[in-house]
Structures are given as C-alpha cells and as structure tokens.
Amino acid sequence: MKSAAFLAMFVPASRRALPAEEWPACAVFGRLLPVFLPLVLLLACEAPPPETAAPAPLQFSGSQACRECHAPEFALWRDSHHALAMQEATPDSVLGDFSGVDFRYFDQVSTFFKRDGQFVVRTDNADGDPDDFIVSFTFGVAPLQQYLVKMPDGRVQALPVAWDARSRADGGQRWFHLYPDEFISHADPLHWTAREQNWNTMCAECHSTDIEKNYDLSSNTFATTWAEISVGCEACHGPGSHHIARARESSRGGLVVDLDDRGSASWQMNLDSGIAERSEPATRPPQQPEACGRCHSRRSLATGDYQFGKPLQDTHVPALLDPLLYFADGQILDEVYVYGSFLQSRMYQAGVSCSDCHDPHSARLRTSGAPSEICDTCHLPQKFASAEHHRHDADVACVDCHMAARLYMGVDERHDHSFRIPRPDLTVSTGAPNACNRCHDDRDSRWAAEAVNTWYGAGREAHYAEAIHVGRSISPAATALLLQTIANKEFPGIARATALTLLRPPYAPGVIAAVRGALGDPDSLVRRAALTALSSAASELILEWAAYLLHDPVRSVRIEAARIISPLQGSMPREYLTAFKRANAERIAAQFAIAERPEAQLNLGNAYTEAGRTDEAESAFLQALELEPGAVAARVNLADLYARSGRIGEAERLLRKGIALADEHAVLHHALGLILVRDNRHDAALPELELATRLQPQESRFVYVYAIALNSMLRGDEAIDILKDALQRFPADFEIHFALATILRDRGRVEEAREIAGNLAEIYPDIDATQNLVQSL
C-alpha cells in the first residue's frame, strides 16, 4: 500500500482533501500514536541499526578529472575562451610584446620588457610615480589580452594597457589603452591600482572556478583562492567529486546541476511560418540562462555562497533596463553581457536556450561558417534569407539587422542578444538606435521608418520603449504608459519590472492596484521591482503587503522585502518578526559578501540605523569613508545619524570636510544646509541650500527644499519666483506644484493658486492631497 493511502486511513475525511504532504503533522501523529506505539516499543528493544557514514562533502576536482570519461567535451573546452580566461603568465600564455617596447598614454610612458624570465611593466604606481610591476597572470586571449599584477596586500590589479590580439591585418598586434580618450590619473577610482580595477572583487568570480575571496575587513587585505585558475567544467556543472566517485564505481550518478534544457525535445520546422517549433513543451524553467547568467549579466551579489542549480535571482541581483546600461527600447548601451538582452527576446519566450546556438564546451556557434548559418537551423533560409524578407539587393547577414553590435574595451565587438526587429520608429520617439541607420548613416531615422512602413505596412507591434523613455523623465504622460507596460503580460518581465521602478509618487489608486498585483507576479524580477515601487507607498501598505514576500522562494525578492520593511520594523506586527529577521539576515549577509566595497558599508550602516544599532551604524559609515573618503552618501547618512543623536557639531564638521575634499557635490551642500536649519542657523543654511540648486539644477527636490526654507524666513516672493522657474523645468513635479499653490494661497494670491492647483489636478487627478488643495481654494 502506498504511504499516502496508508496514512489516509488514520485521517478524518475533512483532512483528505489536502495532499498527504500538506496535512498538519499533529493531525497525523495524534491518530497514529495508539497504532504505532507498541511497534515503537518493540523496535526499541532490538539492537540499534549500524551507523551509516555521512556522505563526503562535495569538492571541486578540477577539469582534468573530467577528461577520463568526457574526452570529446574536454577537447572542445581546452582551447575555449573559458579555459583560457585566466592563466599563469608564461611564454606560452603571454601574447603581448614584452621586448622593451614603450607605449605612450597622454604624457605617461609604459614600458613592457622581460627580466629574469619574468614579464615586467614599468608604469605609474598608486602615487603617480614610475615603478616596475611583475605580471603574474594573463586575462583572456581574444580579441584582447589583459595582464594582472599581484600587490602585497593580496589585491590583484588589472593593468590599463592591453594587448590587441587580433591579426595585424585587422588592426591588431599592438598595445592600446582601455580609456584612450580620457586621462585616468593615479587619484581616479578607475586608475589601475584602485578599487574599480581590482580583480578580487570585480573579475575573479567569472574568470576562475570556485573563488574564495577571503577578504579581511580589519586589515583590508585579501587572501583569495580558487579551485581552478580558469573557468573549468565545475564552474558550470558544480563540484564533481561525488559524480566522479560514482563513475569510477561503475554506478550512475548525475552532476550537481542538470543543464540539459532540450531533454527529448527537438526543434521541428513549421513550413508555413518558416520558423522551427519545439516538439514538446518545456516542463521546467530553462537552466542554462540562469547558470550562464551568473557571469553573462550585469548583476550584484545576493549571497557570498553561490549554490549551483538555483535561479540567478536567488544568488545574484540582475540589473534591470537602467539608463546607464540600456537604451529605452532595451538595446545594449553599456557592456551588459547578454543575460538582460536575452530575457527580452522572442527566442527566450519560445524556449530557446544557450546551447541551441552555442556549443556549451567550446562556446563557439554550433555551425562553423557565417553567423547566419546558425539562424538557418530554425529560420527557413528560403523565406528569411530572401530579398523579399530583408529588402536589400545584396546579401545581408541576419546579425546585421537583428543582433546589432557595439564595441567595448576598444576592440571587442559584442552582439545584442535580444534578437530584435529593427524599429526606426522607436528611434524617432525615444532616440534609441536602430540597425537601419547603422548602415545608412547618411539618412535620418524618419527616412528609415518610412522605408520600413513602405515595405511591411504601417502597423507596428506595441513596445515598451516609449513607456520607459517617458518614465525616465518627469512627464505627465509617464504614469499611464508605465501602467500599460506593467499590465501587458506579452512584454518580457525585465521590461515590466523596469516600468514598475519608474513609477513616481504620489500614487493614485490605479498605481497602487498595479503595484499590488505585481507583487504576486510569477516573474521574480517583477515581484522584486514591485517591492521597490511599494517603498514609496503608505507605511501601512508596506507592512501589510511586503510581509508576505519575506517568505518568497527567491532570495533577492526576500532581501528587497526586508529592505523596504526595515525602516518600519519598530511598528511591525509580531507575526512577521521571525520572517523579517531571517530575510534581513540574508540582506546583511549579502553586504558582508562585498564588505570591501564602500557601498556595502553604506548599506550596512543604513540597516543598523533602521534597527536602532547606532554604534554599529556609525562604525559601518566610518568604514565606508575609510575605504572611500569621497563616499558622499555615507558621509551624508553619518552626518544625519550624528544630528539625530544631538551631535550637531560633529555632523557639521563631517560635511564641511567632505566639501573641502570635493566642493562640487550638491548633496553635501544640501545636507549641510539641512543640518544648519536643524540648528536654527537659517541665515547660514540658505546659501548652502541655494548652492545645491545651482550645482545640481536637474534635482527638483533641492529646489523644493530651498523654496520652502525661503518661505519659512518670510521671503515668500523669492520662493514663488524660484518655484515658478522650477515649474518650467519640472512640469509634472508634484511637490513643486503643491508648494507653489499653497504659498500663493497663503499670500492671498488665490487666483494664481487656483491655476496652479488646477494644473496639478489634471496631472494627478486621483490624489487626495490634490483634491483637498483644490477644495481649499
């Protein structure tokens, strides 16, 4: 008899509607006790069973151990970019010219030479002085190779002058600087000796296998180790010790991660559409994009303990369509490493996985010819390689139109993996580039859009580009477009999630409803972004709605839930406390995983401040400033902590020291102004608040605060003039409208106030505060 059926005999019929695994344990145990107690007593009198040894912990065994059984795969991997991602610097691995050649960068000269069998670079050190550095490792092989230098404190740093590994005919076989158009001095965070060029933090996880960073905060040093210097078999498949042991015992046993997304399915050509279709539906989410995305994405860490086989968002926090990373339509802008682009593609939605196009061991395309050959395996050439489709007289490659490339690191051309249809109409509306004008750069985007309309008709599919474009600015049209994008389940989750983060308070009921619905979305990117949006809602809604996501199955979602609840933890219902403490511990652990970064110490300081752990908060903020004296946010938050603790003098000194280091930071002047207001030194505060508005004129909040301060000092006419000017620059800003209307009203200029309030009501018609303002006039 099956166990579930057996247990059912002892459970009331009212409970049997639930699967056996969901029955409350007490309900089952209470009815089984009289039946099993005699058996338990009988077994207790027998000799205990022999102890079974616990299985040995999983260990990394190295790629050579895989060669024994997987020789063909090993041969493909051995010469791959993964296998050569990082190597000891030897005559066989070093590609660059170290024959005593000089390379000039502005007024600096770097010399590459050999000494005692070692590869040496004479270049500027952390103080800007010439010094000799031994190259310890090579980094990559094509189309460029970088070189790494060991420092005494365990840091490994990447030199800024790289070797162009392309052929001489292609312009290669030369030294070049990674920042050729701007001078990076020794004081710059991008200098090769500085934090942003540190291998331990910025590079190691993705260029080696099983990296243990081993950062010591007290000494600010590293003792980083790896299981394998390059990206080996186990970097993707997980530690293989158990698999290898079973294989040698002639018993079956899989690897830690099953990366077979194809299974028994195949891609079968649909002759009507000309596009291959999967022969059977996928029975689980794709594993390869999540595994590859660990390195092929822009992301931050959600934990220092990577777990193979988990969704990417359980171990990392992938970036959304940030304006510094992507154009408004989702095309690549900065170097984003494929994952975020692929999530936007129809390929991903159809079930295509990484190894459908790329051999997983060599990482090369599965076809050996032109890139279009791999497209032909799923897209019928007779239909899609014809002039009827591409509308060009000469042959064009599929990637030219559907995978437009951008150049990174000087010589490295990367293709956009969103596989998008060229949309010059979106260039017209958002400014995003399009494939047509990359070639036809002598014509404008309107010409290209008209050509596309002539060929294919004027109707274009709905796209999220305009919503994201408008949402990136403060525009009256933004909210409606963003809500449409959030609600459109045909759009990729990364686009819908981005739209959620672009919603701006105050929230109308429709916005609140959209955010609440997104909290239950199947896509964890959307749930996480909905939490970010929820952080601007009323406190009671945050506590009520975000608390459920403290139990989310995905770690990055739980961490975001803890983050937005944390400032309210003092009023949290007791039933949520255990879940919050657990998720908040994950949040804090994620910061300790990057404790060498000043932003991690800033985040820890914020978390400790919210928990009332003032001493720990102060220590974390000070640590952030020790790591980076120019860490503005840490300085401002520490000053605020001091001020709220009654330490006004320390707060002021801290901010003035920051201004002395870099007086161009508007936020420091703004924060100093607020500190002086708190100390009732209004005459001293106003110049600081005013300077902040001039240093950062695009920040509406600074203008608002300055105007309020002027009005509080009975300089209302000046405040009105400033707010009227700001209204021209920020036509949809709620605070500026509201402040201007109320100041005008309070000074008896009611008609002007009514006009401003009326405009506000048109932009935010469903906000209670708006309606109350209109009624007061």
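The values are calculated or read from the model by the stated rules, or taken from the named source; none is laboratory data. Here the structure is a predicted model, which is why all the values come from computation and not from measurement. Because the Cβ atoms are built from the backbone with ideal geometry, glycine has one as well, and the counts that use them run over all protein chains shown. To get the accessible areas, we keep the full protein, side chains included, count just its heavy atoms, and leave off ligands, DNA and RNA. Shrake-Rupley method; radii C 1.70, N 1.55, O 1.52, S 1.80 Å.
What number of residues within segment 533-575 satisfy the criterion of being open to solvent by less than 50 Å² (accessible area, probe 1.4 Å) and in a helix (DSSP H, G or I)?
Number of matching residues: 23.
Taking the condition on the phi < 0 side of the Ramachandran plot and in contact (Cβ under 8 Å) with a residue 24 or more places away in the chain, does Val428 pass?
Here the answer is no, as Val428 does not meet what is asked.
So, Phe580, is that one part of a helix (DSSP H, G or I) and within 18 Å of Asp216 (Cα to Cα) or not?
no
Could you check how many residues of segment 208-245 are at positive phi and crowded, with 21+ Cβ neighbours inside 10 Å?
1
State whether one or more residues within segment 110-117 are assigned to a strand (DSSP E or B) and under 34 Å from the mean Cα position of the chain (by Cα).
No, segment 110-117 contains no residue that is assigned to a strand (DSSP E or B) and under 34 Å from the mean Cα position of the chain (by Cα).
Show the residue pairs that are 6+ apart or on different chains and have beta-carbon atoms under 8 Å apart, the first residue being within segment 403-414 and of a type in the set (Gly, Ala, Ser), the second being in a strand (DSSP E or B) and exposed (fewer than 15 other Cβ atoms within 10 Å of the Cβ).
Close Cβ pairs (under 8 Å, with a partner that is in a strand (DSSP E or B) and exposed (fewer than 15 other Cβ atoms within 10 Å of the Cβ)) amount to Ala405/Glu413.
Looking only at residues that are assigned to a loop (DSSP other than H, G, I, E, B) and among the small types (Gly, Ala, Ser) in segment 646-666, which one is surrounded by the fewest Cβ atoms within 10 Å (Cβ to Cβ)?
Going through the qualifying residues, I end up with Gly646.
In this structure, is Leu76 at pLDDT 95 or above, surrounded by 13 or more Cβ atoms within 10 Å (Cβ to Cβ) and in a helix (DSSP H, G or I)?
yes
Can you find even one residue in segment 589-597 that is in a helix (DSSP H, G or I), touching a residue at least 12 places away in the same chain (Cβ under 8 Å), polar (S, T, N, Q) and open to solvent by 50 Å² or more (accessible area, probe 1.4 Å)?
Among the residues of segment 589-597, not one is in a helix (DSSP H, G or I), touching a residue at least 12 places away in the same chain (Cβ under 8 Å), polar (S, T, N, Q) and open to solvent by 50 Å² or more (accessible area, probe 1.4 Å), which makes the answer no.
Looking only at segment 603-645, which residues are touching a Ser or Thr at 6+ places or on another chain (Cβ under 8 Å), open to solvent by 50 Å² or more (accessible area, probe 1.4 Å) and part of a loop (DSSP other than H, G, I, E, B)?
Ser645
Residues Arg460, Arg496: which one is among the charged types (D, E, K, R), assigned to a loop (DSSP other than H, G, I, E, B) and touching a residue at least 12 places away in the same chain (Cβ under 8 Å)?
Result: Arg460 is the single residue among Arg460, Arg496 that is among the charged types (D, E, K, R), assigned to a loop (DSSP other than H, G, I, E, B) and touching a residue at least 12 places away in the same chain (Cβ under 8 Å).
Before we move on, is Val677 in a helix (DSSP H, G or I) and more than 26 Å from Arg504 (Cα to Cα)?
Spelling it out, Val677 is indeed in a helix (DSSP H, G or I) and more than 26 Å from Arg504 (Cα to Cα).
Among the residues of segment 465-477, how many are open to solvent by 10 Å² or more (accessible area, probe 1.4 Å) and either assigned to a helix (DSSP H, G or I) or closer than 25 Å to Ser341 by Cα (or both)?
Of the residues in that region, 5 qualify.
Table: residues versus (1) more than 18 Å from Arg496 (Cα to Cα); (2) out of contact with any Gly (no Cβ under 8 Å at 6 or more places or on another chain); (3) not charged (D, E, K, R).
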site	(1), (2), (3)
Thr303	yes, yes, yes
Pro318	no, no, yes
Ile332	no, yes, yes
Tyr337	yes, yes, yes
Asp356	yes, yes, no
Pro360	yes, yes, yes
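State the number of residues belonging to segment 375-396 that are exposed (fewer than 15 other Cβ atoms within 10 Å of the Cβ) and touching a helix residue (DSSP H, G or I) at 6+ places or on another chain (Cβ under 6 Å).
The qualifying residues number 1.
Across segment 710-726, which residue is nearest to Leu676 (Cα to Cα) among those that are touching a helix residue (DSSP H, G or I) at 6+ places or on another chain (Cβ under 6 Å) and surrounded by fewer than 20 Cβ atoms within 10 Å (Cβ to Cβ)?
By that ranking, first place goes to Met713.
Filter the helices (runs of 4 or more DSSP H) completely within segment 152-267 down to those with at least 3 residues that are closer than 24 Å to Val120 by Cβ.
Here the list reads 199-202.
Among the residues of segment 370-422, which ones are part of a strand (DSSP E or B) and either in contact with a Phe, Trp or Tyr (Cβ under 6 Å, 6 or more places away or on another chain) or under 17 Å from Ala350 (Cβ atoms) (or both)?
His379, Arg414 - these are the residues of segment 370-422 that are part of a strand (DSSP E or B) and either in contact with a Phe, Trp or Tyr (Cβ under 6 Å, 6 or more places away or on another chain) or under 17 Å from Ala350 (Cβ atoms) (or both).
Can you say whether Ala397 is under 19 Å from Gln268 (Cα atoms), modelled with pLDDT under 95 and of a type in the set (A, V, I, L, M), as far as the supplied structure shows?
Against the criterion (under 19 Å from Gln268 (Cα atoms), modelled with pLDDT under 95 and of a type in the set (A, V, I, L, M)), Ala397 does not qualify.
Hey, can you tell me all the residues within segment 450-461 that are surrounded by fewer than 12 Cβ atoms within 10 Å (Cβ to Cβ) and small (Gly, Ala, Ser)?
Gly457, Ala458, Gly459
Which residue out of Ser345, Ser372, Ser355, Ser362 is at pLDDT below 95 and either exposed (fewer than 14 other Cβ atoms within 10 Å of the Cβ) or not acidic (Asp, Glu) (or both)?
Ser372
Just the residues that are open to solvent by 20 Å² or more (accessible area, probe 1.4 Å) and either assigned to a helix (DSSP H, G or I) or free of Cβ contacts under 8 Å to residues at least 12 places away in the same chain (or both), please, taken from segment 680-697.
Asn680, Arg681, His682, Asp683, Ala684, Pro687, Glu688, Glu690, Leu691, Thr693, Arg694, Leu695
Consider Leu482 carefully, then state whether it is under 22 Å from Phe734 (Cβ atoms), modelled with pLDDT of 95 or more and assigned to a loop (DSSP other than H, G, I, E, B).
The answer is no for Leu482.
From the list Leu271, Leu333, Leu324, Leu259, exactly one residue is of a type outside the set (D, E, K, R) and open to solvent by less than 50 Å² (accessible area, probe 1.4 Å). Which is it?
Being of a type outside the set (D, E, K, R) and open to solvent by less than 50 Å² (accessible area, probe 1.4 Å) holds for just one of Leu271, Leu333, Leu324, Leu259, which is Leu259.
Looking at this structure, is Leu777 farther than 21 Å from Tyr507 by Cβ and either of a type in the set (Gly, Ala, Ser) or modelled with pLDDT of 95 or more (or both)?
no
Kindly list the number of the only condition in (1) surrounded by fewer than 21 Cβ atoms within 10 Å (Cβ to Cβ); (2) touching a His at 6+ places or on another chain (Cβ under 9 Å) that fails for Gly309.
Status for Gly309: all satisfied but (2).
Go through segment 501-518 and give me each residue that's over 19 Å from Leu320 (Cα atoms) and either open to solvent by 60 Å² or more (accessible area, probe 1.4 Å) or not in a helix (DSSP H, G or I) (or both).
Once the filter is applied, which keeps residues that are over 19 Å from Leu320 (Cα atoms) and either open to solvent by 60 Å² or more (accessible area, probe 1.4 Å) or not in a helix (DSSP H, G or I) (or both), segment 501-518 yields Pro505, Pro506, Tyr507, Ala508, Pro509, Ala513, Arg516.
Output the number of the condition that Ala739 fails; it satisfies all remaining conditions of (1) open to solvent by 20 Å² or more (accessible area, probe 1.4 Å); (2) over 32 Å from the mean Cα position of the chain (by Cα).
The one condition Ala739 does not meet is (1).
Considering only segment 124-137, I want to know if a residue exists there that is without any contact (Cβ under 8 Å) to a residue 40 or more places away in the chain and closer than 20 Å to Met409 by Cα.
The answer is no; no qualifying residue exists.
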